[in-house]
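What follows is a short report on a single structure.
The values are calculated or read from the model by the stated rules, or taken from the named source; none is laboratory data. These numbers come from a predicted model, not from an experiment. Glycine also receives a Cβ, built like all others from the backbone with ideal geometry; neighbour counts cover every protein chain displayed.
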């Protein structure tokens, strides 16, 4: 297993939300020593359902986001806690923080205080609408951020909106927008760290709304052209999600050779022999007609057969998998995307290591989520612990 390019670097994460926590998780799997800076009651993410186990009530979300990290308890509303926190930050390379602006000054986590006391530190602020501008003080949950980015209004679309035409705009399952914010925060931290030896620490201002806007880039581009996209019209002209006998697949043919492969997959039906369909614009115009034929063909077939035959014919097609399917899939196993990790109170579980990989070896997750305060920075002896770290 690779140690990762950030081996030897220290990242401190003060996170009550998913975006900042996910940034820390990405930096951790890249090899950084990651320390969660938690309040006495622990991060709010520890109480986020669903639970991995009803008896232990371990949050599945926290277990993933905090895997491999350590935990330090500091009461930032006390002078003693702030002293301990800065002792830790003095030995860190990156701080990722999502403390609301209204609380930052009194907790010593505002931009000016960090720059003065830790000028070497890459300070990454992760807030719903950024740390500057008219919405900097606004709070926002996942559903607010998804719709504020423009993506929520365009869902459901394709087969979903055809099947449920009266369904209102919905939220993607999970924390889609916040994960986008976490990726942006991690990339911002890496960019600032890249030049830290030359320019010192920097303040990196991340807006989760801005990060999620990237998902709707085409919609925004069309808006600039005077077109307002709508979920009922936002779909592939043909293809998209196809119902099969035992589940769903998704099909996308963008190139001529892929269309020709699809015709082969379908057994060269008579309707596909129409010479006008050799023109991609004509295929787009007749997308609904093509979809009726393709869906009728797929409906009686099994997903695995459709995918195997389609990929052999050069057709971009893949199966919608259940979580169990993903864990058992040969592709994921060969790439080492999941690894057994001991989650305290639950047992050994397969955990996604990283959504990326460098070189021939997958990254490793060193451990499950930490117990609260397991790093030993109890409030009573925090100043002494801080002094010991500064000397070390």
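Points to keep in mind about this one:
- The listed residue being closer than 22 Å to residue 145 by Cβ and buried (at least 24 other Cβ atoms within 10 Å of the Cβ), out of 21, 32: 21
Residue-by-condition table, conditions (1) part of a loop (DSSP other than H, G, I, E, B); (2) in contact with a helix residue (DSSP H, G or I) (Cβ under 9 Å, 6 or more places away or on another chain); (3) at pLDDT 95 or above:
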{"residue": "215", "(1), (2), (3)": "no, yes, no"}
{"residue": "218", "(1), (2), (3)": "no, no, no"}
{"residue": "221", "(1), (2), (3)": "no, no, no"}
{"residue": "238", "(1), (2), (3)": "yes, yes, no"}
{"residue": "253", "(1), (2), (3)": "yes, yes, no"}
{"residue": "271", "(1), (2), (3)": "no, yes, yes"}
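- Members of segment 180-211 found to be within 17 Å of the chain's Cα centre (by Cα), over 13 Å from residue 94 (Cβ atoms) and surrounded by fewer than 21 Cβ atoms within 10 Å (Cβ to Cβ), listed by number: 183, 210
- Residues located in segment 305-328, provided they are in a helix (DSSP H, G or I) and in contact (Cβ under 8 Å) with a residue 24 or more places away in the chain: 306, 307, 309, 310
- Extreme residue, nearest to the chain's Cα centre (by Cα), among residues of segment 273-304 that are part of a loop (DSSP other than H, G, I, E, B) and surrounded by 14 or more Cβ atoms within 10 Å (Cβ to Cβ): 302
- Those residues of segment 148-165 which are within 18 Å of the chain's Cα centre (by Cα) and touching a residue at least 24 places away in the same chain (Cβ under 8 Å), in sequence order: 148, 149, 150, 151
- Qualifying positions in segment 337-369 - within 19 Å of the chain's Cα centre (by Cα), assigned to a loop (DSSP other than H, G, I, E, B) and more than 28 Å from residue 261 (Cβ to Cβ): 353, 354, 355, 356, 357, 358, 362, 364, 365, 368, 369
- Answer residue from segment 340-364, given it is free of Cβ contacts under 8 Å to residues at least 40 places away in the same chain and touching a helix residue (DSSP H, G or I) at 6+ places or on another chain (Cβ under 8 Å) and is surrounded by the fewest Cβ atoms within 10 Å (Cβ to Cβ) among those: 357
- Scanning segment 321-339 for residues that are within 20 Å of residue 308 (Cα to Cα) and in contact with a helix residue (DSSP H, G or I) (Cβ under 8 Å, 6 or more places away or on another chain) yields a count of 2.
- Residue match in segment 124-131 (condition: more than 20 Å from the chain's Cα centre (by Cα), outside any strand (DSSP E or B) and at pLDDT 95 or above): yes
- Those strands (runs of 3 or more DSSP E) of segment 1-106 that lie entirely within it include none in which at least 3 residues are without any contact (Cβ under 8 Å) to a residue 12 or more places away in the chain.
- Residue 230 meets each of the listed conditions (1) farther than 23 Å from residue 34 by Cβ; (2) out of contact with any helix residue (DSSP H, G or I) (no Cβ under 7 Å at 6 or more places or on another chain); (3) exposed (fewer than 15 other Cβ atoms within 10 Å of the Cβ); (4) modelled with pLDDT of 85 or more apart from (4).
- Of all the numbered requirements in (1) surrounded by fewer than 19 Cβ atoms within 10 Å (Cβ to Cβ); (2) farther than 15 Å from residue 34 by Cβ, residue 367 misses one, and that requirement is (2).
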